[in-house]
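None of the figures in this text is laboratory data; all of them are computed from the coordinates on show. Keep in mind that what you see is a predicted model, and the values were worked out from it rather than measured. Positions of Cβ are backbone-derived with ideal geometry, glycine not excepted, and every protein chain shown enters the neighbour counts.
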Amino acid sequence: MPYSPEQLSDHQEIADVLHAYCRAIDDNRPDDVVELFTDTCAYDYGGELGTFSTKEHAYRFFRAGTDKIYRRSAHYLSNIEITFTGQDQAEARSYVNAWHEFHDAIPNAWIFARYTDQLVRTDAGWRIAQRRVDTMGHEAWPREVIHMDRNVLAPRPTTSVRK
Amino acid sequence: MPYSPEQLSDHQEIADVLHAYCRAIDDNRPDDVVELFTDTCAYDYGGELGTFSTKEHAYRFFRAGTDKIYRRSAHYLSNIEITFTGQDQAEARSYVNAWHEFHDAIPNAWIFARYTDQLVRTDAGWRIAQRRVDTMGHEAWPREVIHMDRNVLAPRPTTSVRK
Amino acid sequence: MPYSPEQLSDHQEIADVLHAYCRAIDDNRPDDVVELFTDTCAYDYGGELGTFSTKEHAYRFFRAGTDKIYRRSAHYLSNIEITFTGQDQAEARSYVNAWHEFHDAIPNAWIFARYTDQLVRTDAGWRIAQRRVDTMGHEAWPREVIHMDRNVLAPRPTTSVRK
């Protein structure tokens, strides 16, 4: 179904929010990260990173991550697919290829994940009201990774957790 | 030359098809992959993966790949360039950064490739009528890789095949 | 603020220029790379790659890089954010995930960088009038890398240069 000019504008504005998130993370500006989400956003970062929905928790979470754990990072965002679920709400799916260098003397690592975001139009522009992170894979990630479910056509012993 | 609003809508719809391909591959939903191509699509995946143009072959190809060979994958699509070659047809070039984890106990691998797609507008939306895959490089790919030709300014002994 | 249809068209045309750059680099067509910049473009590639602003230097720079140093490369461009700074000028920020294979027998390497570009509309279309490259990180890069400044919340001994 064709996109209207208004939807194409919204599409671009939502992409801008997703990109601003990556840039603020990689700049180590955690407080600017939080501003891209609504005050009551439900965050689900999966696994031990957990779920939370208060702004205080979000500040703590991003400040700890971008500043104390990661020495450098690069979050490549692509594969943006947006579905408009209302005049002022949308669902965005995207892929993130996130490289990290740590303060600890451990190897650099990649995480290969997807964001599934529910966005709402606010007076300040589109904001993320719900984010779920699903992990497709990783290279050298130093902590437990819970992978997303993958359709399995043939029965086979498989674990969804892998160190 | 400026894009019309209709072309911008088509551009986005074509990007949606390219992204849906990646997501269906990485979800291990091979039959959904095939639905993104026309019934008579000419597939050219290069090298030993070969060329084929029947839907039966396409089902076999994608079912074998996503389910039996790859345990996990992440296909990052970017650098989408679209040329409209008619009212209802377009050529899309894109880059894919494809990470794979195998069922076999071999190292994970990346393939760095390009898609050159001919798309047509159908009643069900834009579909891929021809796809060619050209490989720019790889990391640890376990099988023979045939690289795309690269413009060589200075004469130099070079092989286009590299294990 | 919503994008007008004209701005969405400009956005796409600017993205086309950024993608054409990557494809020309990876094709080893350095002279086509230079055509995407204005004749007086100010290039700032950072560190030992340096700054330059003559077309002659640009030809030398790209001919040496794509042909003599790199055997193969793949430049994945994403996270494009564009701000229109005038009717005929714009600033584009983007991320590049650039994989390289060398002619020398050294390991392949990734550079994780950002482009900050000033573009102008010319009779031939949008062209890059100023480019700055900031490096977020790397894997196995064989030469000195100067990393971009990163906001540091807590005081900590940190070096911005890392081999």
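Across the stretch B:11-26, rounded Karplus estimates of 3J(HN,Hα) from the backbone phi angles (6.51 cos²θ - 1.76 cosθ + 1.60, θ = phi - 60°) give 4, 5, 5, 5, 4, 4, 5, 5, 6, 4, 4, 4, 5, 5, 4, 6 Hz, Gly and Pro being marked x.
When Cβ neighbours within 10 Å are restricted to other protein chains, what is their mean count per residue of peptide C:13-23? The partial results should precede the final answer.
On the way: counts 3, 0, 4, 5, 0, 2, 7, 3, 1, 4, 6.
That works out to 3 on average.
Counting DSSP beta bridges in chain C, what percent are antiparallel, to the nearest 5? Roughly 90 percent of the DSSP beta bridges within chain C come out antiparallel.
Just want to confirm a number: the relative contact order over chain B, from Cα pairs under 8 angstrom separated by 6+ residues, in percent. Intermediate results must be reported in sequence, preceding the final value.
Values: 295 pairs, mean separation 31.4, N = 163.
Once divided by the residue count of chain B, the mean separation gives 19 percent.
Other residues lying with their Cβ under 12 Å from the Cβ of A:V96 contribute a combined charge of 0, Lys and Arg counting +1, Asp and Glu -1. Sequentially through the stretch B:37-51, phi angles give Karplus couplings (6.51, -1.76, 1.60; θ = phi - 60°) of 10, 6, 4, 10, 4, 9, 9, 10, 8, x, x, 6, 5, x, 10 Hz, Gly and Pro residues having no value and appearing as x.
With a Förster radius of 51 Å, plug the Cβ-Cβ distance of B:V120 and C:T83 into 1/(1 + (r/R0)^6) and report the FRET value to the nearest 0.05. Kindly include the intermediate steps, with their values, before the conclusion.
Values: r = 36 Å, r/R0 = 0.70.
Taking R0 as 51 Å, the efficiency between B:V120 and C:T83 is 0.90.
Amide H contacts for A:G46 (H built 1.01 Å from N in the peptide plane; partners 5 or more residues away or on another chain; cut-off under 5 Å): A:V133.
Taking a Cβ cut-off of under 13 Å around B:V133, the surrounding Lys, Arg, Asp and Glu residues balance to a net charge of 0, with basic ones at +1 and acidic ones at -1.
In this assembly of identical copies, the label point of C:F52 (Cα plus 7 Å along Cα-to-Cβ) is separated from its counterparts by 4.8, 4.9 nm, sorted shortest first. The distance between label points at B:M1 and B:D32 comes to 3.6 nm (points 7 Å beyond Cα on the Cα→Cβ vector). Taking amide H as placed 1.01 Å from N in the peptide plane, the amide H of A:E35 sits under 5 Å from none that are at least 5 places away or on another chain.
In sequence order, the stretch B:133-140 has phi-based couplings of 10, 10, 9, 8, x, 6, 10, 6 Hz under the Karplus curve 6.51 cos²θ - 1.76 cosθ + 1.60, θ = phi - 60°, and Gly or Pro positions carry x. Distances between copies at A:I69, taken between label points 7 Å from Cα along the C-beta direction, are 3.4, 3.4 nm in increasing order.
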